[in-house]
Amino acid sequence: MGAGPSAPRSRESGPSVPGSRGSVTAVSGSQGLRRSKSWAVVETSKLGDRSLSSSFKVQLQCALHEFGTQRGCRSENYLQQRGFGALVGIHSNWIGHFILAAARPTNRLLEEHHLIYQLHSQHIGAVINLQEAEEHSGCGEGLARGSAFSYNPERFMENHGRTGVVIGCYFVYSGAYEDPAEAIQAIRTFRHGTFKSTSQVQVVKDFEAFLLKLRVNFIPPDKFIKRGGDVPGYPNILEHMTRQKKALHGLERRALLYVPKIIDWITRELIRRTDFNRQKREKIAASFMLAFTTPKRKIDIAKAKDKINVADWGGVEEMEVSTLCHLLLGWLRQLQEPIVPDTIATAALSRGDIEAAIDELAKADKISFATVQILACFIFQVCYCPYFTNSSTKSDYRNFYNGVESKSKSSVR
């Protein structure tokens, strides 16, 4: 939560008070910072550690505090605050220029003193509630009806709908609902009053459209990207990775920082299906080699591409081996530029030994080299052993894979 740099400061600004009555807006208590220590001497975050005597002391002090005040506990009466409070109607102080510490509000204070408007006018962007459920239910005006706190938290979310919009976008991103309308309806079912305006609904729809552009792996022929000389072509691997980085997040983004997700998923799935069985490996290797020359039914391939384009990666596990092989080769073929630049590939092929060739490949960018590493791993584990019978060919593949693997530890990771 923050406020403008020119926000006023209270004359009583000071350190926060631990263990005090539940507060909002900042990590502070409701005592207006006018006591050297809290009247509640127990740690409110550890209710299970409270002794019977300390609990009784809290209740007794709350009851004694109500004497001599018009509206119960004087600790919640902002008129008892010395100096000038940051907000009218509630104990509040500026801590520095960006943090506002305040007592817990009530529904009455929110209405009578227009606290939400005051927060907006002070450029407060977030409110942090430090109250515990049913904490100090006998103090001041007690708990609000239908709430475990002294106010209804929904009051701070009225006329905004940002919570519903964020949840709706998350449902779309995670694939919990295929259609934004279904996600919005599900949120409305559990959280009444959300998505009051068409603009909020449109935000979720726009977010879905934004994601679809980032997640596209197979571009339809009618949407080829025009290149120099008006020659239709597909993006190169670097452009694809730029979109992928925007679409992924967290650990997955870090793991696939230099490798296209589609290559990682398909190769891993094919390797998994070998199940360390020689016959299965031979079948997958044969399917992969036939994919170079034998066309697949366009209907099957189109359906598979549609699933990947909407990030239905769970559907990859249900696809046939031949379909996965055609998708892998099809994605590589659609790239307008090769994964490894021609100059580097030519130099690598001209070398007399495998180690020298690997050194040449390492001169490519990290994305190109990491992708070659994944493909080399796939060929080594699936194709070379069962499909090639020449012992020298096997040895070359083994040496190439081991060399790429060792080089990747220093250049990629």
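The values are calculated or read from the model by the stated rules, or taken from the named source; none is laboratory data. Given the structure is predicted, the values throughout are model-derived calculations rather than measurements. With ideal geometry, Cβ positions are generated from the backbone for all residues, glycine too; neighbour counts draw on all protein chains shown. Side chains are part of the model used for accessible areas, which takes the heavy atoms of the whole protein and leaves out ligands, DNA and RNA. Shrake-Rupley method; radii C 1.70, N 1.55, O 1.52, S 1.80 Å.
Annotation note: of Ala304, Ala285, Ala311, Ala291, the sole residue that is surrounded by 18 or more Cβ atoms within 10 Å (Cβ to Cβ) and on the phi > 0 side of the Ramachandran plot is Ala311.
Look at region 346-369: where a residue is without any contact (Cβ under 8 Å) to a residue 24 or more places away in the chain and open to solvent by less than 50 Å² (accessible area, probe 1.4 Å) and a partner is part of a loop (DSSP other than H, G, I, E, B) and not small (Gly, Ala, Ser), sitting 6+ places away or on another chain with Cβ atoms under 9 Å, you get Ala347/Lys363; Ala348/Val340; Ala348/Lys363; Glu360/Arg351.
This table checks each residue for (1) in a loop (DSSP other than H, G, I, E, B); (2) modelled with pLDDT under 85.
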{"site": "Leu109", "(1), (2)": "no, no"}
{"site": "Glu132", "(1), (2)": "yes, yes"}
{"site": "Cys139", "(1), (2)": "yes, yes"}
{"site": "Arg145", "(1), (2)": "yes, yes"}
{"site": "Phe156", "(1), (2)": "no, yes"}
{"site": "Val166", "(1), (2)": "no, no"}
{"site": "Thr194", "(1), (2)": "yes, yes"}
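Per the conditions (1) part of a helix (DSSP H, G or I); (2) open to solvent by less than 20 Å² (accessible area, probe 1.4 Å), the sole criterion not satisfied by Gly330 is (2). Being surrounded by fewer than 17 Cβ atoms within 10 Å (Cβ to Cβ) and of a type in the set (Asp, Glu) is a property that holds for Glu134. Test Ala144 against the criterion of being of a type in the set (A, V, I, L, M, F, W, C), more than 30 Å from the chain's Cα centre (by Cα) and at negative phi, and give yes or no. Against the criterion (of a type in the set (A, V, I, L, M, F, W, C), more than 30 Å from the chain's Cα centre (by Cα) and at negative phi), Ala144 qualifies.
For region 346-398, how many residues meet the condition of being within 17 Å of Thr274 (Cα to Cα) and at pLDDT 75 or above?
So the count comes out to 9.
If the condition is being of a type in the set (A, V, I, L, M) and either under 14 Å from Ile266 (Cβ atoms) or out of contact with any helix residue (DSSP H, G or I) (no Cβ under 8 Å at 6 or more places or on another chain) (or both), then region 323-344 contributes Leu324, Leu327, Leu328, Leu329, Leu332. Scanning region 99-121 for residues that are under 19 Å from Gly142 (Cβ atoms) and hydrophobic (A, V, I, L, M, F, W, C) gives Ala102, Ala103, Leu109, Leu110, Leu115.
Checking each residue in region 339-373 for being assigned to a helix (DSSP H, G or I), of a type in the set (Asp, Glu) and within 20 Å of His240 (Cα to Cα) picks out only Asp342.
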